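Quick notes on the structure that follows.
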């Protein structure tokens, strides 16, 4: 256990760094995912095609391939950035496809009768969208989008393993490889750090789900 | 438009005109976007022959070698995926059934294990396997395929077996309660109820979810490339790109291969899903209304 107690500050700063990656990743992928989802359900066919293509390509491609494409491909065409930016960008783009699908599932779960009823009582397009369809869609989207965000927290470790530096995974790697600490206690500490992010996120999500649950 | 949407009404003439204008603008925007990307690639010489020829031109010197190496990579990826899937199903099945059949108190350790492994990133479980197992004196170098393959398989299995256990539990939970009660009432033991009545029905329900999990496992095999454990498709591609200095081209090929395999698997999952839904709906005695969506 010395390996953990002696390096507590390293673990803590690694945890904070991972948390920062996750927060930016969540914000970015929620925004981008919403934009893609808007494209996918838009009444304009080319936008729908674009959204569908985006989701199909990215969902079926491993995050690692997206990461490698950013880190090794983009410098070839003269786009240079540090691994942190590349890693974060790849994480956001990868996660956006899954966020989009979660949101779309929510929209599709609203039965057509709801929108028809809204139109029948004379609500305009904007009114029926903002007062009838989206509030229901949003609630149904919470479980799938929440699990996507939890999966993203776990995927942030991939970005770390790739060499972002100073995050939780990198701390574990440098302690065991460069400084020669035994792997078991160090990696247990790293695993504990990730559990400290995923378990509370899961509990919070469950509580949120129960709060907004609606009877259908 | 093929499917009516909940969001908007069937368009009239004015809406159709607007949609056409919007469509034209959107097409233009997408075309410009692609054009900018292509121009960028062309300006940087990314369409140059020496970068694509090893992949596309059969008369190129490296052509045969490149595709042989890619083929080896695909095979290595599939080997790791198939092994991980087989072990995950086996262990996941046991864990899932154990969780369902044990009493409230004796299943606490299993629930704890499931929650623990579910909360960990796969890349951590793989890294854990590759670093901690040798430390504990587990020597896998003699195994067929090398130790890297087995660390990858162990790490993937540790994570995915609990996911599959949960899928199985959800499948059994989705069955009508009367199935279990009827099986117990005719005198089957709890074990026989599970084996003969519940699991066979649950497998049908959970087949789509299981196939989707296969896609996840297949994608996760490429984590070995990040950790440098095992030369599967992505790492193989990376090694080729290092020699030929064409990462964009080789990574595109690797990406397309992954997308093709995974897309077919996803389509299979959708097809199986729709097929099972149709079967249930076509039963004349089924009084329950079909689930919307």
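The values are calculated or read from the model by the stated rules, or taken from the named source; none is laboratory data. All values derive from a computational prediction rather than experimental measurement. Positions of Cβ are generated from backbone atoms using ideal geometry, with glycine treated the same way; all protein chains shown enter the neighbour counts.
Worth pointing out:
- Single unsatisfied condition, residue A:180 versus (1) more than 9 Å from chain B (Cβ to nearest Cβ); (2) farther than 23 Å from residue B:224 by Cβ; (3) in contact (Cβ under 8 Å) with a residue 40 or more places away in the chain: (3)
- Qualifying residue in segment A:72-83 (condition: touching a helix residue (DSSP H, G or I) at 6+ places or on another chain (Cβ under 7 Å), at pLDDT below 85 and within 21 Å of residue B:255 (Cα to Cα)): yes
- Those helices (runs of 4 or more DSSP H) lying entirely in segment B:1-118 with at least 2 residues surrounded by 11 or more Cβ atoms within 10 Å (Cβ to Cβ) and at pLDDT 85 or above: B:13-43, B:63-101, B:108-118
- Entirely in segment B:196-282, the helices (runs of 4 or more DSSP H) that have 3 or more residues that are more than 8 Å from chain A (Cβ to nearest Cβ): B:199-220, B:233-244, B:247-282
- For segment A:118-132, the criterion of being away from chain B (no Cβ under 12 Å) and in contact (Cβ under 8 Å) with a residue 60 or more places away in the chain is met by no residue.
- Only residues that are within 7 Å of chain B (Cβ to nearest Cβ) and free of Cβ contacts under 8 Å to residues at least 12 places away in the same chain were counted across segment A:150-177, and they come to 1.
- Index of the failed condition, residue A:144 passing every other in (1) more than 13 Å from the chain's Cα centre (by Cα); (2) on the phi < 0 side of the Ramachandran plot; (3) surrounded by fewer than 23 Cβ atoms within 10 Å (Cβ to Cβ): (1)
- Meets criteria (more than 14 Å from residue A:10 (Cβ to Cβ) and in contact (Cβ under 8 Å) with a residue 60 or more places away in the chain) for residue A:201: no
- Restricting segment A:156-199 to residues that are within 28 Å of residue A:29 (Cβ to Cβ) and not in a helix (DSSP H, G or I), the residue that is nearest to the chain's Cα centre (by Cα) is A:167.
- Residue satisfying condition, being buried (at least 19 other Cβ atoms within 10 Å of the Cβ) and more than 15 Å from residue A:6 (Cβ to Cβ), within set A:186, A:164: A:164
- For segment A:51-83, a residue qualifies if it is facing chain B (nearest Cβ under 7 Å) and either touching a residue at least 60 places away in the same chain (Cβ under 8 Å) or crowded, with 21+ Cβ neighbours inside 10 Å (or both), and the qualifying residues are A:60, A:61, A:62, A:64, A:65, A:68, A:73.
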